[in-house]
1. What number of residues within the stretch 23-40 satisfy the criterion of being among the aromatic types (Phe, Trp, Tyr) and over 21 Å from the mean Cα position of the chain (by Cα)?
2. Going by the conditions given, is residue 227 among the hydrophobic types (A, V, I, L, M, F, W, C), in the same structural domain as residue 142 (by TED's automatic domain parsing) and outside any helix (DSSP H, G or I)?
3. For the list (1) more than 21 Å from residue 242 (Cα to Cα); (2) in contact (Cβ under 8 Å) with a residue 40 or more places away in the chain, I need the number of the one condition that residue 188 fails.
4. Looking at the stretch 104-112, is at least one residue β-branched (Val, Ile, Thr) and surrounded by 20 or more Cβ atoms within 10 Å (Cβ to Cβ)?
5. Testing residue 176 on (1) buried (at least 20 other Cβ atoms within 10 Å of the Cβ); (2) under 25 Å from residue 228 (Cβ atoms); (3) modelled with pLDDT under 90, one condition comes back false. Which one is that?
6. Answer yes or no: is there a residue in the stretch 198-205 that is basic (Lys, Arg), surrounded by 15 or more Cβ atoms within 10 Å (Cβ to Cβ), in contact (Cβ under 8 Å) with a residue 24 or more places away in the chain and assigned by TED's automatic domain parsing to the domain that holds residue 247.
7. Looking only at the stretch 35-46, which residues are surrounded by 11 or more Cβ atoms within 10 Å (Cβ to Cβ) and without any contact (Cβ under 8 Å) to a residue 12 or more places away in the chain?
8. Does the stretch 68-83 include one or more residues that are loosely packed, with under 15 Cβ neighbours inside 10 Å, in the same structural domain as residue 2 (by TED's automatic domain parsing) and over 18 Å from residue 247 (Cα atoms)?
Amino acid sequence: MFPILFSFIFGLCFGSFLNALIYRLHEKKTLLDRSVCPFCQHKLSWFENIPLFSFIFLKGKCQYCQRPISIQYPLNELLMGIFFVISFNYQNLFSGIRINTSLPDSVSSCFYAFIFFALLFIFTYDLKYQEIEFWVVWPAIALSFFYNFLNKQPLNSLLISMAVGAGFFLAQYLLTKGKGIGLGDVWIGLFLGSLFSLKILIVALFLSYVIGAIFCLLLLIFKKAKLKTKIPLAPFLVIGSLVAIFYGQTIVNFYFNNFLK
């Protein structure tokens, strides 16, 4: 029980750091300053910075200006807590991510936790600002590549997955002359290629576009968006990737066993 509780609290802290990183990178602020209310700029006390619990104690409002605190903050903290519990205690739940065969379990756990951190950062940053922050994507690509390389994954298959992931989005970028997707999505494709095998990558991309299409269709049906409304792609890529991490190999096995006999 203690390892689960410890990893959950540890994850909450990283979720708090994730929120701070998102805000400060976008606002070009240093990470060394104390946290402030984004509305009234009042410096927050220590008890206002307790992950998840401060939101509950303050009833979702800044105690100085009474402006509502975005649900992003407690939600990201809670999700990182859950992701850390899974990364450090339940690695058997990962169906689609490359399985560790040679590195220590502690190294793999830290790697998985960072992957979830990077995915949640990409999801939130693009959803909130419709931008891709390369200072998180680039380290994620490098770490994923070297982890899988040191984990004795075949270099040629790793490079092929990365080329397919980046090439898939680069082709769309060139065909639409940058109007359909941005270059940031090309880097995300490279990241996903470094993370997944080719089969799981295809599953992740397929799921991402299906989920995105359904969501956009619902927005059109309920008149929440128009055909020219700009919808960020990265959140759907993250959702598809998360499904692939947990169920990717299961989906691949189902497809090959039932349709390619």
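1. Here the count works out to 1.
2. In short, yes.
3. It is condition (1) that residue 188 fails.
4. no
5. (1)
6. yes
7. The answer is 36, 43, 44, 45.
8. Within the stretch 68-83 (the criterion being loosely packed, with under 15 Cβ neighbours inside 10 Å, in the same structural domain as residue 2 (by TED's automatic domain parsing) and over 18 Å from residue 247 (Cα atoms)), the answer is yes, since at least one residue qualifies.
The values are calculated or read from the model by the stated rules, or taken from the named source; none is laboratory data. On a predicted model such as this, the values are computed, not experimentally measured, just so you know. A quick note on method: Cβ atoms are made from the backbone with ideal geometry, for glycine too, and the neighbour counts reach across all protein chains shown.
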